[in-house]
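K.L.:
Mind looking over this structure? Questions follow.
The values are calculated or read from the model by the stated rules, or taken from the named source; none is laboratory data. Just so it is clear, the model here is predicted, and its values are computed rather than measured. Virtual Cβ from ideal backbone geometry, glycine too; neighbours counted across all protein chains shown.
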Ligand code: PEP
Ligand code: MG
């Protein structure tokens, strides 16, 4: 594969045949460095809200959270900012809230944990909503959703917090509409209930890191099985195809916020499947735009049709590498 050179900031996110791709940013800690400002992206697709919690020595207060979220929402005030609610558990531990489990990745993680502790969830949601009063560019995303009940309960708490804030701030619900609410598709069960989730939420976003881990039953951080963690496994490709099909059928927005979207081969595979909204780390954005400018959608669709018949990840990956080599 040819080296990715000649990267230009502010290059348009558009394929050679003129298909515009929505490129968004994943962030979490340092949310406003200058390097971000040199990039051209259409919003924050994933703010990992747990990262600042992990650096603290105690749960940040509601006011501390308001300040942090306000900073982010104001910095990107003309763009949508998708904040994920606290996704601790698994590999993400808080020193002041230790969790000991035999199978942490199958245990008390993400929305499961915060629904068991509504006081933690409510403080965070209240802080997000308060921070959003002036800018109104917040979107709220729920991690590790595996059932309809989790979404219903989360929405009940979000609406409760929203009504409280409207009352406290003397704003009507019309003046301060409830932000869009979405769920991550990263637990395999969620794929099969998109028909039931879609009417409850405004958008879906695929976490390919966890989705791959759970589909393949391979710990994403265990070096012993690292070679089995294969984002090009045919099962992952089929799952991605199914999610898009189900989302289109339900007329709901779907994007990708896992690492696959920023990976050159993953990007081509996702475009060939039909995905058009991708969120990634800052350092991948220019590389991705450079690549977009070289490829066409019909060619990628043709590659994807071949890849979908593949029996192993190497074949699938190689299909796109061959395509890039042909492009020179
Ligand atoms: C993912 O699982 O793909 C994802 C985006 O979330 P995280 O990597 O933070 O678990
Ligand atoms: Mg995840």
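K.L.:
Among 306, 297, 285, 256, which is in contact with a strand residue (DSSP E or B) (Cβ under 9 Å, 6 or more places away or on another chain) and modelled with pLDDT of 95 or more?
P.N.:
Every option except 256 fails the conditions.
K.L.:
Out of curiosity, is residue 52 within 16 Å of ligand 1 (Cβ to nearest atom) and free of Cβ contacts under 8 Å to residues at least 40 places away in the same chain?
P.N.:
yes
K.L.:
With respect to residue 165, determine if the residue is part of a helix (DSSP H, G or I), out of contact with any strand residue (DSSP E or B) (no Cβ under 7 Å at 6 or more places or on another chain), over 21 Å from residue 250 (Cα atoms) and without any contact (Cβ under 8 Å) to a residue 60 or more places away in the chain.
P.N.:
yes
K.L.:
Scan segment 120-156 for residues that are without any contact (Cβ under 8 Å) to a residue 40 or more places away in the chain and either closer than 26 Å to residue 74 by Cα or within 16 Å of ligand 2 (Cβ to nearest atom) (or both) and report the count.
P.N.:
Result for segment 120-156: 3.
K.L.:
Let me ask you something else. Would you mind telling me which numbered condition in (1) away from ligand 2 (no atom under 16 Å from the Cβ); (2) under 21 Å from residue 257 (Cβ atoms); (3) surrounded by fewer than 14 Cβ atoms within 10 Å (Cβ to Cβ) residue 91 fails?
P.N.:
(1)
K.L.:
Among what's in segment 114-153 and is out of contact with any helix residue (DSSP H, G or I) (no Cβ under 8 Å at 6 or more places or on another chain) and surrounded by 16 or more Cβ atoms within 10 Å (Cβ to Cβ), pick the residue that is nearest to residue 189 (Cα to Cα).
P.N.:
Out of the qualifying residues, it is 141.
K.L.:
I've got another one for you. When only residues in segment 180-204 that are within 15 Å of ligand 1 (Cβ to nearest atom) and in a loop (DSSP other than H, G, I, E, B) count, which is surrounded by the most Cβ atoms within 10 Å (Cβ to Cβ)?
P.N.:
It comes out as 186.
K.L.:
Could you run through segment 205-261 and say how many residues are away from ligand 1 (no atom under 11 Å from the Cβ) and assigned to a helix (DSSP H, G or I)?
P.N.:
24
K.L.:
Out of segment 20-40, which residues are more than 29 Å from residue 295 (Cα to Cα) and at pLDDT below 70?
P.N.:
31, 32, 33, 34
K.L.:
Which one of these does residue 13 not meet: (1) at pLDDT below 95; (2) within 16 Å of ligand 2 (Cβ to nearest atom)?
P.N.:
Here residue 13 clears every test but (2).
K.L.:
Between a first residue in segment 96-111 that is over 18 Å from residue 54 (Cα atoms) and a second residue that is within 16 Å of ligand 2 (Cβ to nearest atom) and part of a loop (DSSP other than H, G, I, E, B), which pairs have beta carbons less than 7 Å apart while being 6 or more apart in sequence or on different chains?
P.N.:
Close Cβ pairs satisfying both conditions: 101/107; 101/108.
Conditions tested, residue by residue: (1) under 30 Å from residue 161 (Cβ atoms); (2) within 16 Å of ligand 2 (Cβ to nearest atom); (3) touching a residue at least 40 places away in the same chain (Cβ under 8 Å).
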site: 212; (1), (2), (3): no, yes, yes
site: 229; (1), (2), (3): no, yes, no
site: 244; (1), (2), (3): no, no, no
site: 260; (1), (2), (3): no, yes, yes
site: 273; (1), (2), (3): no, no, no
site: 279; (1), (2), (3): yes, yes, yes
